[in-house]
Amino acid sequence: MTMTRIDNRFVSARLARLLPALTLALGVTAGGAVGLAPAEAAAAVPNVGKVAMVSMQRVLNETKQGKKARNDLESDSKRKQQKLDKKRTKLESETGKLQSLKGQELAMAQEKLQRDYMELQSMYQALQMELAEKEAKMLEKIYLNAQKVAKDLAKKHGVDLILIRDETTVLYAKDAFDLTNEVVKAYDSAN
């Protein structure tokens, strides 16, 4: 299993949670809420002071727990792939033996192979679902832990808003706004 798959799933799953905060941040940065008069904008949008960002992808890649989880997923994926490959190889070998069969014996062997291939397909789908569930649980756990760490750091630094930093949510920000290094260090200390 590659981290690219995890990256895309993680970004997609979190994007829905981030949009309200991003909208709020853009409204504040633009000088007020879109479509409201200045007085209404000040009343509708809370005053946001310090803003920071955290790259959740870096948290996944750089924390001890994230590295361990990724390695566990990859090794589990390899074991399951080896199991599937072994079964597939056996089926391919049995397919080669069909050439020597004729009549009823051939029909029965073909029917058995078809059932075995369908079983292999079902097995593959079940293993994919199992890996996806493990991946989702791992991501959720790391995300929740990082959220707690980020909240503590926000209090420590007087930060009002922390955004998830990636190329789809933050187009530009000074590096001084990035708390990722501190989150990774604090995360590893706490977990």
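Within region 132-140, the presence of at least one residue that is crowded, with 16+ Cβ neighbours inside 10 Å, of a type in the set (K, R) and in a helix (DSSP H, G or I) is confirmed.
Filtered by the rule that a residue be touching a strand residue (DSSP E or B) at 6+ places or on another chain (Cβ under 8 Å) and not in a strand (DSSP E or B), region 48-91 gives V48, G49, S55, M56. For D7, the test of being charged (D, E, K, R), surrounded by 10 or more Cβ atoms within 10 Å (Cβ to Cβ) and at pLDDT 50 or above is failed.
What residue, among those in region 55-86 that are crowded, with 16+ Cβ neighbours inside 10 Å and of a type in the set (K, R), is farthest from E111 (Cα to Cα)? This residue is R58.
For region 96-114, does any single residue satisfy the condition of being of a type in the set (D, E), out of contact with any His (no Cβ under 8 Å at 6 or more places or on another chain) and surrounded by 14 or more Cβ atoms within 10 Å (Cβ to Cβ)? No, region 96-114 has no match at all. The listed residues are G49, G96, and the only one of them that is of a type in the set (G, A, S) and free of Cβ contacts under 8 Å to residues at least 60 places away in the same chain turns out to be G96. Within region 106-136, the only residue that satisfies the criterion of being in contact with an Asp or Glu (Cβ under 9 Å, 6 or more places away or on another chain), among the acidic types (D, E) and farther than 14 Å from D76 by Cα is D116.
Do we find that I162 is modelled with pLDDT of 90 or more, outside any helix (DSSP H, G or I) and out of contact with any Cys (no Cβ under 7 Å at 6 or more places or on another chain) in this structure?
Taking the combined requirement at face value, the residue satisfies it.
The values are calculated or read from the model by the stated rules, or taken from the named source; none is laboratory data. Note that this is a predicted model, so its numbers are computed, not measured. Note: ideal-geometry Cβ built from the backbone for every residue, glycine included; neighbour counts use all protein chains shown.
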